[in-house]
Amino acid sequence: MTRTHSRRPIVAANWKMHTGPADGAELARAVAAQGLPLDAVDVVVLPPALGLSAVAEALRGTRLAVGAQHVHWESHGAFTGEISAAMLVGLAAYALTGHSERRRLFGETDRDVRRKARAIHDAGLTPIIAVGESLDERDGGQTEQVVRAQVEHALADLTPALTAASVLAYEPVWAIGTGRTATPEQAEEAIGWIRAAVGALHGAAAAGQVRIQYGGSVTPANARALLGREGVDGALVGGASLDAASFAAIVQAAA
């Protein structure tokens with residue numbers, strides 16, 4: 001089944017804990033020089049927090065957006081080492097929350113994701129909200145149940161309009177950094193369940209407008225098959241985004 005909807009694709013580069021200010025800015029300039037189809041695709045670069053300012057400066061005057069990998073749900077306070085969404089205003093347009101590594105390694109809960117999604121919107125930024133199941137949950141036939149619950153928690157404090165303006169990312173935990181990738185059919189099925197959960201919570205209009213990415217070992221080799229499926233509105237790219245040419249090929253596939 002091929003893509004028939006009119007939602008504008010969005011591809012985000014999650015650099016994770018790679019690059020400092022100088023090499024991050026260099027990579028950002030290399031990405032911007034790739035001749036990306038920005039009339040057809042939104043492109044977001046998510047560097048580590050230390051490089052946000054340098055990357056934002058490197059991309060000034062381009063049509064590439066900058067995003068943060070992580071935020072706190074409070075706007076300020078005694079939270080040593082944390083960064084609030086409010087602090088990102090002027091540097092970033094997007095912020096990621098709910099990534100499986102944050103959930104699994106740092107104990108980020110569904111409640112945390114809900115509070116962060118609201119805080120990101122309150123600061124005038126756009127959240128990229130990640131949801132996805134573990135291998136045991138996939139093998140146990142629980143994927144629909146798991147992603148539905150994560151979506152319901154994440155969007156509970158948002159209005160239908162804010163939900164429609166958000167970005168969701170389906171990232172099966174078993175495919176993050178493992179080299180394993182969901183088949184195009186699995187990605188389409190799970191994203192269908194996510195969209196149905198949005199509809200049940202906030203209505204058909206929000207479900208039809210919200211953009212849902214696929215994330216999980218996306219490469220130039222598999223991008224076209226994945227991103228051409230119905231309901232798949234782009235990609236959240238990890239390792240492949242650290243090479244400008246590879247990332248550009250994925251953006252081209254989304255277009």
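The values are calculated or read from the model by the stated rules, or taken from the named source; none is laboratory data. Note that this is a predicted model, so its numbers are computed, not measured. All Cβ positions, even for glycine, are placed from backbone atoms using ideal geometry, and neighbour counts span all protein chains on display.
Brief remarks on what is shown
- Test: Thr19 is at pLDDT below 95 and out of contact with any strand residue (DSSP E or B) (no Cβ under 9 Å at 6 or more places or on another chain): no
- At least 2 residues being closer than 22 Å to Ala93 by Cβ and not β-branched (Val, Ile, Thr) is the threshold, and among the helices (runs of 4 or more DSSP H) wholly inside the range 160-241 those reaching it are 160-164, 204-209.
- Subset of the range 104-125 (residues that are of a type outside the set (Phe, Trp, Tyr) and either in a strand (DSSP E or B) or over 19 Å from Leu158 (Cβ atoms) (or both)): Arg104, Leu105, Gly107
- Residue that is nearest to Ile10 (Cα to Cα), among those in the range 83-105 that are out of contact with any Asp or Glu (no Cβ under 8 Å at 6 or more places or on another chain) and charged (D, E, K, R): Glu101
- Filter result for Ala254 (surrounded by fewer than 24 Cβ atoms within 10 Å (Cβ to Cβ), of a type in the set (Gly, Ala, Ser), within 18 Å of the chain's Cα centre (by Cα) and within 18 Å of Asn14 (Cβ to Cβ)): no
- Among residues of the range 151-181, those that are within 22 Å of Leu227 (Cβ to Cβ), in contact with a strand residue (DSSP E or B) (Cβ under 7 Å, 6 or more places away or on another chain) and either at pLDDT below 95 or not hydroxyl-bearing (Ser, Thr, Tyr) (or both), counted: 6
- Residue in the range 69-83 that is surrounded by 13 or more Cβ atoms within 10 Å (Cβ to Cβ) and over 15 Å from Ile120 (Cβ atoms) present: no
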